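Report on the structure given below.
FYI, it's all coordinate maths here, none of it is from the lab. Here the structure is a predicted model, which means the values were calculated and not measured. In this analysis, Cβ positions are derived from the backbone assuming ideal geometry, glycine residues included, and neighbour counts consider all displayed protein chains.
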Amino acid sequence: MKKRVLNEKKGSALLVAIAIMAVIMMLSLALLLVSYSLYSTARRQQDTEQCREMAQSLSRSLEYEITIPPTAAYEAGASEKYPLWFYLRYNIWQNSWNYYNYEERGHTSEYAYRYFNAYADEITESGLKELMDNISILIYWESEAESTDEEGTELVVSVTCGKGNVKSTIVTCYILYLPENTNKAKYNTLEGKDDENINPDNNTIQAEDMWGWSFSERE
């Protein structure tokens, strides 16, 4: 009779041991899950900060090119140095590029948005392309029906940098101004007219009408 009682006690101890092991295993799995969650959160936050930093960097590089002094565009070799500025000069306020106004038919994002996947050589050399999975540059300009006043035109440049499922977008706005110049004859020749990358639609402009873009805001 005593031997049977001892055997029953040994079985109970085994069940207790199994229960303890199960609890320990569950706690270990819970800690592992928490650790992975914290790691994923930290990694995502790091990627978000990196994407935003890269988008900021590219946005400021584009700002430098867009806001060059108007007279700088008339210097020799300027079209190669500032291709984006020249692209804007030859294409904005032309029939080949509709302005953006979501309230007007034919001027919604489908017609007015232009996307660019090229960026300056110095950006490529800095390793930005290798650090990001995707980079996109969206540019559009705003106006309204029957408007003929170029001065005050708003230009919007949106830069998006993405890595994995994380992305960051920086939006910068510029305002077009027309500086007064008493010696227009000096600035009546502008490069890039026959460059297909700068003037793909062979648009004609009044070169002596000097354009300048001023920084407005960045979001």
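Here's the list of aspartates and glutamates a cross-link from K186 could span, going by alpha-carbon distance under 13 Å and ignoring same-chain residues fewer than 8 apart: E75, E208, D209.
Suppose R0 equals 41 Å. What FRET efficiency, 1/(1 + (r/R0)^6) with r the Cβ-Cβ distance, do N95 and N134 give to the nearest 0.05?
Values: r = 31 Å, r/R0 = 0.77.
Result of the calculation: an efficiency of 0.85.
Label-to-label distance for K186 and E63 is 2.9 nm, based on points extended 7 Å past Cα in the beta-carbon direction. The length gained by stretching the chain between T71 and Q206 to full extension, at 0.36 nm per residue less their Cα-Cα distance, is 47.1 nm. Model label sites at A17 and E196, defined 7 Å from Cα along the beta-carbon direction, differ in position by 8.1 nm. Counting 0.36 nm for each residue step from T169 to L33 and taking away their Cα separation leaves a gain of 45.8 nm.
By the rule of a C-alpha distance below 17 Å, with chain neighbours fewer than 8 residues away ignored, the aspartates and glutamates paired with K167 are D47, E49, E53, E130, D133, E219.
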